[in-house]
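Notes for the one structure printed next.
The values are calculated or read from the model by the stated rules, or taken from the named source; none is laboratory data. Note that the coordinates shown come from a computational prediction; the quantities given were computed from them, not determined experimentally. Here Cβ is always computed from backbone atoms with ideal geometry, including for glycine, and neighbour counts include all displayed protein chains. All accessible areas refer to the heavy atoms of the entire protein, side chains included, with ligands and DNA or RNA removed. Shrake-Rupley method; radii C 1.70, N 1.55, O 1.52, S 1.80 Å.
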Amino acid sequence: QAQLVESGGGLVQPGGSLRLSCAASATMFSIYAMGWYRQAPGKQRELVASISPGGTTNYADSVKGRFTISRGNAKNTVYLQMSSLEPVDTAVYYCNTVPLPITSWGQGTQVTVSS
């Protein structure tokens with residue numbers, strides 16, 4: 001099964017920025033729309049941003065204007081640039097295909113927004 005490897009999380013103060021990376025297989029990356037999901041403690045996993053193979057992006061209302069998803073085609077990598085972070089953005093962030101995850105979830109990367 002294809003592997004997904006997320007990285008880039010950490011502890012950041014409110015208002016700060018982070019850039020997450022997700023390395024995917026070349027096949028998955030070229031065929032499927034990719035998305036960033038997050039799961040906060042005690043809550044269901046939610047999709048926050050997605051990008052099609054052609055570059056069309058969509059965002060959840062809660063992150064619109066603050067997060068930017070992009071594709072690094074040469075590296076089969078999906079990025080999530082997060083700015084103006086808020087404590088409510090604290091969660092484990094995962095990537096997978098969109099609209100349905102077709103492969104096992106990776107380990108995710110923890111993002112903690114706190115002063």
### Query
Out of (1) within 30 Å of S115 (Cα to Cα); (2) open to solvent by less than 40 Å² (accessible area, probe 1.4 Å), what's the single condition that is false for M34?
(1)
### Query
What's the number of the condition S7 fails, among (1) open to solvent by 20 Å² or more (accessible area, probe 1.4 Å); (2) in contact with a Lys or Arg (Cβ under 9 Å, 6 or more places away or on another chain); (3) not basic (K, R)?
(2)
## Note on the structure
In the stretch 12-37, residues that are outside any strand (DSSP E or B) and within 10 Å of V78 (Cα to Cα) total 2
### Task
Report yes if some residue within the stretch 17-28 is charged (D, E, K, R), touching a strand residue (DSSP E or B) at 6+ places or on another chain (Cβ under 9 Å) and surrounded by fewer than 17 Cβ atoms within 10 Å (Cβ to Cβ); otherwise report no.
yes
### Query
Are there any pairs, at least 6 apart or on different chains, whose C-beta atoms fall under 9 Å, with the first in the stretch 64-89 and on the phi > 0 side of the Ramachandran plot and the second open to solvent by less than 40 Å² (accessible area, probe 1.4 Å) and in a helix (DSSP H, G or I), and if so, which?
N76/M28; N76/F29
#### Entry: Enumeration of residues in the stretch 23-71 that are of a type in the set (V, I, T) and closer than 14 Å to T103 by Cβ
T27, I31
### Query
Pick from the stretch 62-83 the residues that are in a loop (DSSP other than H, G, I, E, B) and either farther than 11 Å from L18 by Cβ or open to solvent by 80 Å² or more (accessible area, probe 1.4 Å) (or both): which of them is modelled with the lowest pLDDT?
N76
### Task
Name the residue, out of G106, G42, that is open to solvent by 80 Å² or more (accessible area, probe 1.4 Å) and part of a loop (DSSP other than H, G, I, E, B).
G42
### Task
Evaluate the stretch 87-98: report whether one residue or more is surrounded by fewer than 13 Cβ atoms within 10 Å (Cβ to Cβ) and modelled with pLDDT of 95 or more.
yes
